Each structure stands twice: as C-alpha cells, then as structure tokens.
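Take a look at the structure set out below.
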Amino acid sequence: PAFLSGEGVVLHFAPEDMARSEVLKNPALRYFSFDIDLQAYSRHLQLGATMDLHHVPLRDDLACGIFCFHVLEHVRDDRACIHEMYRILKPGGEAVIMVPFMMDQVETEEYGAPDPDIFDHVRGYSPRDFKHRLAPFEYEEILPRTFLSESEVKRHAIPDSQVIYLCRKPASSLD
C-alpha cells in the first residue's frame, strides 16, 4: 500500500507481525494496534488497547492506513465494521483487508453464533459476494503471488484462495 511510504497514522486491528514490521520501517508513520481480546495479542499492542471494531472511539478522517486481516469473519456485524474503518480513514487513505473464503459457497453464510469448529467464525465468506460488502470503498483485488516470491508464499502458508483487498477512500469524499 502507498501509505507505507508516507506519513501519518496507521491503525492495525488484531495485529500480526508481518504488517507491523512493514509499518515500523517508516519512522514517519505513527502505528497503533488494537484488538478486542487483550490477552490474544498483548505482545503486539502498542498501547495495550482493546477496541471493538463496531464502535471505534477515534475521530473521522484520522488514519492514512488500516490493516484488518482475518477479523471480519469474527465480528457480529461486518458491514458496520467496514463503515467504521471507512469513517476513520482519511480521504485518499487505504485499508488493507483480508478474510478467509469458503471456496465452494455461492454466497456468504451467516452462522448466527461463533462456530468453534472453524475458529469461532460467525460467517463463512464466499469469494463471489464478499466484495459487495466493501461499499463504500473503492477497491482492487490483489493475489499474494503478484507481490510475494514462491518461497514467501510457502513460508507464510498462504493458500491460493487468499485475496487481499486494497480499499481506498476517495480523495474527494463528500460523506
């Protein structure tokens, strides 16, 4: 994402090492990481902050970048969380979003409750309809093999079904 070479605030929900290390390479970026479960990611949390992505207590148009990998399949209302990310992203900012797909599903299935058999997911996303949930963002689909070497794909165990959505809030947003 372009924001990695700029300056400003980057927010990271349910942080993991790979994205965190990329952000920290640029001292002009202010990095803040959050999770709803303080224990799960406490070693990654800059401020030891818990936050529910449904109601982010940050001002509008704050962040130049957001990372949100494998979070939306766990939240009660994914569309509300997507709108919260849109709200806190400044015009021209980017959100990098990734969810797991159930490749054989025609449409996303809502489970109604966390399913312990599939990592407590509350929904199983279909690759056919997920992108419609990303409104109001503009987005592009990126396959990991377009920017990672074969050895990196293997090292990070990224299946072929994974798609990264680089979402942008239009620079001239009039929300």
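Residues in segment 139-175 that are farther than 23 Å from MET103 by Cβ and surrounded by 14 or more Cβ atoms within 10 Å (Cβ to Cβ): ARG168, LYS169, SER173. Applying the set (1) at pLDDT below 90; (2) assigned to a loop (DSSP other than H, G, I, E, B) to SER33 leaves exactly one unmet item: (2).
Within segment 110-126, the set of residues being charged (D, E, K, R) and under 19 Å from GLN162 (Cβ atoms) comprises just one member, ARG123. Annotation: TYR111 fulfils all but one of (1) open to solvent by less than 20 Å² (accessible area, probe 1.4 Å); (2) in contact with a strand residue (DSSP E or B) (Cβ under 6 Å, 6 or more places away or on another chain); (3) over 30 Å from GLU7 (Cβ atoms); the unmet one is (1).
If you go through segment 142-169 and keep only what is of a type in the set (Val, Ile, Thr) and without any contact (Cβ under 8 Å) to a residue 40 or more places away in the chain, you end up with ILE142, THR146, VAL153, ILE158.
The strands (runs of 3 or more DSSP E) falling completely within segment 75-125 that include 1 or more residues that are of a type in the set (Phe, Trp, Tyr) map to 109-115. If you go through segment 114-133 and keep only what is among the hydrophobic types (A, V, I, L, M, F, W, C), surrounded by fewer than 16 Cβ atoms within 10 Å (Cβ to Cβ) and either over 21 Å from ILE97 (Cα atoms) or in contact with a Gly (Cβ under 9 Å, 6 or more places away or on another chain) (or both), you end up with just ILE118.
The values are calculated or read from the model by the stated rules, or taken from the named source; none is laboratory data. Worth saying up front: this structure is predicted, and the values here are computed from it rather than measured. All Cβ positions, even for glycine, are placed from backbone atoms using ideal geometry, and neighbour counts span all protein chains on display. The protein model used for the area step is the full one, side chains on, heavy atoms only, and it has no ligands, DNA or RNA in it. Shrake-Rupley method; radii C 1.70, N 1.55, O 1.52, S 1.80 Å.
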